[in-house]
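Nothing in this text is a laboratory measurement; each read-out follows from the coordinates by a stated rule. Remember, predicted model here, so these are calculated numbers, not experimental data. Every residue, glycine as well, gets a Cβ built from its backbone with ideal geometry; the counts of neighbours run over all protein chains shown.
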Amino acid sequence: MLTFRMALRSCLVSCRDLAGTEHAVEVTAESLDEAVAQALGILRGDIWVEEIGEGLTELKVRVKQPAVEHRVRMKDFRRWLESQRKTPAECTRKRKLMALAKGMGGSGDPRWHARQDIGPATKRRIGV
């Protein structure tokens, strides 16, 4: 995933959960990947949000000023986040973004987890 550094900007990040409900959250970030990571952390911690799919799930990032919209597939974001780090600064940055994407209550495990408090319909659908 390409990372473009930009000034701190207010962004509206939205995606659909596995139940098909669209959710949006406003975050302030200095890069596209930071906006995605913050939004994932917030949405995964929200009891109204069913599980967010991996793979082809798309997150829309709408930068408010100037108005710009980006679309990122979960599988691409995850691949970039878990890719080889080239410098100590990149290692630190990706570690921070991984923690943001997991939400504040992350276990420290480098693998991403499905939330334990997902709804019964989602549990049936994914066989939990």
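Close amide H contacts of His70 (hydrogens built in the peptide plane, cut-off under 5 Å, sequence separation of 5 or more or a different chain): Val61, Arg62, Val63. The lysines whose alpha-carbon is closer than 30 Å to the alpha-carbon of Lys64, local same-chain residues fewer than 8 away aside, are Lys75, Lys94, Lys96, Lys102. Remark: the Cα gyration tensor places the stretch 1-92 in the oblate category, a/c being 1.5 or greater and a/b not exceeding b/c. Restricting the GluC sites (Glu not before Pro) of the stretch 23-67 to loop positions (DSSP other than H, G, I, E, B) with no more than 14 neighbouring Cβ atoms within 10 Å leaves Glu54.
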